[in-house]
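The values are calculated or read from the model by the stated rules, or taken from the named source; none is laboratory data. Owing to the predicted nature of the structure, the values given are computational and were not obtained by experimental measurement. Every residue, glycine among them, receives a Cβ derived from its backbone with ideal geometry; neighbour counts consider all protein chains shown. With ligands, DNA and RNA removed, areas are computed over all heavy atoms of the protein, side chains included. Shrake-Rupley method; radii C 1.70, N 1.55, O 1.52, S 1.80 Å.
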Amino acid sequence: MTFVLCGVVSVSHYLVVGAVLFTCGVVCMALKRNALGVLMGIELVLNGANINFVAFGSEYLAGDGRSVLGLDGEVMALFVILLAAAEAAVALAITLNFYNNHATVDVDRADDLHG
Amino acid sequence: MAAAQLLPILLGIAWLIPLASFVAILFFGTRMGAHGKGAATVATSAIGASLFLSLVALVAWTMAGHPVPSPHHDEGHASVMKTDAGQSSGSVQPVAFRSPGLSDAEGSHVSGHEEHVSSISYSGDWYTLYASRSLRLSIGWYIDSLTVLMFVVVTFIATCIHIYAAGYMHDELHDVTDSEVQLATGEPLHREGRFHRFFQALSLFCFSMLGIVIAGNLAMVFIFWELVGICSWFLIGFYFERHSASTAANKAFIVNRVGDFGMLIGLMALWGGLGTLHFGDSVNSATDQVEPGLFELVRPAENHHEQQVPDGLVVFAAADQIEKMAAGNPSRSELRREVAAAVPGWREQGYGRWLLFVAGLGIFCGCVGKSAQVPLFVWLPDAMEGPTPVSALVHSATMVAAGVYLVGRFFPVLTPDVLLVIAYTGGVTLFIAATIAITATDIKRVLAYSTVSQLGYMMLALGVGGWVAGLFHLITHAFFKSLLFLCSGSVIHACHTNDMRKMGGLLKVMPYTAWTMLIGCLAIIGAGVPFVLGFSGYYSKDAILAQALLFSRTNPQHSVLYVAVAGGAFITAFYMFRLWFMTFAGSPRDQHVFEHAHESPRVMTAPLVALAVFAVVAGWALPGGLGVESLLEQSRPAGTAEAITTAGILGNITLPAEHESHVGAIHVTATLTAFLTALAGVLLAAAMYLKPLVSPVAVAHAARPIYTFLVHRWYVDELYNVLFVLPTLGVARFISAIDTQVIDRLINSLAWTARQIASVDAWFDRVVVDGIVNVAGSVTWKAGLELKRVQTGNLRQYVMFIVVGTVAIFVLATLLFRTSFAG
């Protein structure tokens, strides 16, 4: 078994990049107290996922000219970007309102929904 | 004949007008002026209209040219037995009056026989209630001079009483405080006035009584008989809040039911044997045939109206004989022929004689109750609890008259045996009641017992064959007894007490009442100048005495009846004048009562004067045969004018002919006896109560046991109490004990068991079923409480959970399903 980064650039490399991005995003979400930071983490997670989609949908993964997974990864990536934009709009609106009510964007202060 | 069509219409309307008044007051009574004041006007004008129609009917009767018998029956009259039967269903007017029955009957009867009899009657049906092969019930009429006279008497007296009552009952026009009723709080009862209700019941009473008088068959008589009973119950119990009044009303009603039970037996005997209850011949609307009535069946024309046991009763009684015949004889018509042939023989053997006896006795039983004869007379004195106008009506023209009237109406059917029973009942009654009246101190009770006594006279007269005498006395008595009662009402109205011991000297303050009452007293004792002129009672009482004397002459074994009549006349004179002297003469016994006494208003004295006039003249024989006596003579039942000797169940009885009592020695003896006994009674009363020659107290002391016996009214009430009331109460208590001790306990234990089972069930439900449900609920609740701590609301923590969870799932999945991932 060879080290994965030592071979030719293949799907695994893309997946590694996606995974790194995803992990960074999750960590960002989990550790940031600033709501905007959390939103940024979400973007990272989504983009990590996007890379995966694009990687699986790339041309040369389909050896016989047909998509291996049977779907177009780029289309899915576009949907995700769209969703991310919508989500960002709603989330920013929530954040703005939260700021209006609490004069802060610290998510630790937003615990009104505790049981 | 015009009278045949006219009379049923006139009397029928006169009969129905009080019903209309009753209905009007029933529905609109409270709206008739203030406190129903107008009800008196309505009822009075209704009965006044009836009086007018009755008078027209009387005129029509006399104008119709009915043969007027001479008072002494010297020459014979052709018998005219006319029976007109008309049937018109559903209409009061006899539309189609069938003449064949009339002309045939007239033709055959007039030529048939010569008798000292003239009996004219009209009968027919207005409406058939029910008709089957064996029974025909209808609303019909039977009109003869007795009917017409009774109509006039009843409506006249009722009119006077209505006018009088409008004054007497004025207390009821506003709210009444009845001091005789103590409420639980100790205060006297305060109630609304019931003026209109009084007149409502009075109208119904008149309607019922007129219904009995006009009735064409026994079933109709029975209906109105019961209606009279219920009306008396209403009126005697008018002050029903008073315990004594409601008890008296119930007593009158229950005692009358005892008599009516006998009447029902009589009705069943007649119907079972004869299949008809009609008095006269009537047309059956279904078959258009003239069916013979009771009178024709018992006294058939072809038998010269002589009484015989009807075929129906003979066949009814000879059922066992017929069964024997039928045993070997299949043909129906043959059997019928054979039975018909055997009937005269059976009649000779006495078959059916007992049935006729029982039928007559049963009907008489009803009359004993209504007319207050021994042993059912106890209700009448108690009926004094009603307002005085009611007493006057009950005692003169309606209730008690109904019994005597029915005996008179039913006379042709009564056998000599029944008549003997009637005579003895009357005799015993008149004696007992007269003796009780001697010691009574309540002014109304004296009059009540005198009524019972006079009714005894009437019954006795009918029983000894004095048909005219008895009914004549019924009519004259109606006038003077209503007069006496209204006078006593006037006295009570003035003194506010019934007790004669508190009265005295009232002649000065109440002249109208006193003098009219004196006329009443003279009339009831039969005062008069012998052989010249007298009060109405003089004629009727003499007729009774003469008939009783004649009867005891022809039947020496029954001469005790004459002694009762003569002795009764003496006692009557004594207690009536005792009453008058104690009330009006002498000096006042109670100064307080005397000072408050006053003459009654004119609305009350006017009827007194009107009645007083009739109490004087009712017995007079007017020229042209217009007297009551000769009018009654026109309707003497066919076949009763001759003396008849029969060997009856109760031995040989000779029923003397009534006209024989009018002649010679009998008449003179009777008149003198009546005069002397009455005179003796008046003198004795005067000696004891007017001039204190004999002290009543001393007499009472000297004859202590007798006095106590009479004060306690022969202990009859006590006897009935022991014989009937106490055993009934005992049985009732026993049954009630069974009810409470056995049945109630059984039910209670059942209920207790059910309760126990139910409580076990409830425990199971509470503990087990509810427990399971509650445990499930509380577990969920507690889990929720614990789990809610997970929800911290911290966003970053959630993210951490997601991440850690995802990783954990991934690791677990990798470990568990290594093969599938490892490829």
Links that overshoot a 27 Å alpha carbon limit, given the list B:K370/B:K502; B:K481/B:K508; B:K481/B:K502; B:K37/B:K508; B:K444/B:K691; B:K251/B:K541: B:K370/B:K502; B:K37/B:K508; B:K251/B:K541
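With every protein chain kept in the model, how would you rank B:T41, B:T429, B:T677, B:T247 by accessible area, 1.4 Å probe, largest at the top?
On the way: B:T41 95, B:T429 0, B:T677 30, B:T247 65 Å².
Of B:T41, B:T429, B:T677, B:T247, the descending order of accessible area is B:T41, B:T247, B:T677, B:T429.
Rounding to the nearest 20 debye, state how big the charge dipole of the protein assembly as shown is about its Cα centre with +1 on each Lys and Arg Cβ and -1 on each Asp and Glu Cβ. Can you show the working numbers first?
Details: 49 positive and 63 negative charges, 378 e Å.
With Lys and Arg at +1 and Asp and Glu at -1, about 1820 debye.
How big is the equivalent ellipsoid of segment B:332-379 along its three axes, where each semi-axis is √(5λ) from the Cα gyration tensor, reported in whole Å from largest to smallest? Numbers along the way, then the final one.
Values: eigenvalues 297, 22, 5 Å².
Ellipsoid half-lengths, sorted descending, are 39, 11, 5 Å.
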Euclidean distance of C-alpha centroids, segment B:194-273 and segment A:8-37, integer Å: 117
Farthest positive-ward along the protein assembly as shown dipole, Cα basis, beta-carbon charges - from B:L51, B:T708, A:I51: B:T708
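Quantify, in whole percent, the carbon and sulfur part of the accessible surface of the protein assembly as shown (1.4 Å probe; protein heavy atoms only).
Of the solvent-accessible surface of the protein assembly as shown, carbon and sulfur hold 68 percent.
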Sequence of B:D442, B:D542, B:D744 from largest to smallest accessible area, 1.4 Å probe: B:D744, B:D442, B:D542
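Before I look further, what does the protein assembly as shown give for accessible area per residue, probe 1.4 Å, in whole square angstrom?
Details: 42520 Å² over 938 residues.
The answer is 45 Å² per residue.
Counting partner chain Cβ atoms within 10 Å of every residue's Cβ in B:785-793, what's the average?
Details: counts 1, 1, 1, 2, 2, 2, 4, 4, 7.
Other-chain Cβ atoms within 10 Å of each residue's Cβ, averaged: 3.
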Helical contribution to [θ] at 222 nm, DSSP H n ≥ 4, -39,500 (n - 2.57), averaged over chain B, rounded to 500: -21000 deg cm²/dmol
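Given charges of +1 on the Cβ of Lys and Arg and -1 on the Cβ of Asp and Glu, with all other atoms neutral, how large is the dipole of chain B about its Cα centre, in debye to the nearest 20?
On the way: 45 positive and 53 negative charges, 601 e Å.
Roughly 2880 debye, rounded to the nearest 20.
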Principal-axis tilt of helix B:100-112 within chain B, Cα atoms, nearest 10 degrees: 30
Accessible area buried at the B-A interface, both sides summed, 1.4 Å probe (Å², nearest 100): 1000
Translational diffusion coefficient (Stokes-Einstein; Kirkwood radius from C-alpha pairs) of chain B at 20 °C, 1.002 mPa s, in µm²/s: 71
Per-q log10 I(q)/I(0), the protein assembly as shown, q = 0.07, 0.09 Å⁻¹ (Debye; single scatterer per alpha-carbon; no solvent): -0.65, -0.99
Separation of alpha-carbon centers, segment B:342-369 and segment B:754-823, rounded to whole Å: 102
Principal-axis tilt of helix B:332-349 within chain B, Cα atoms, nearest 10 degrees: 50
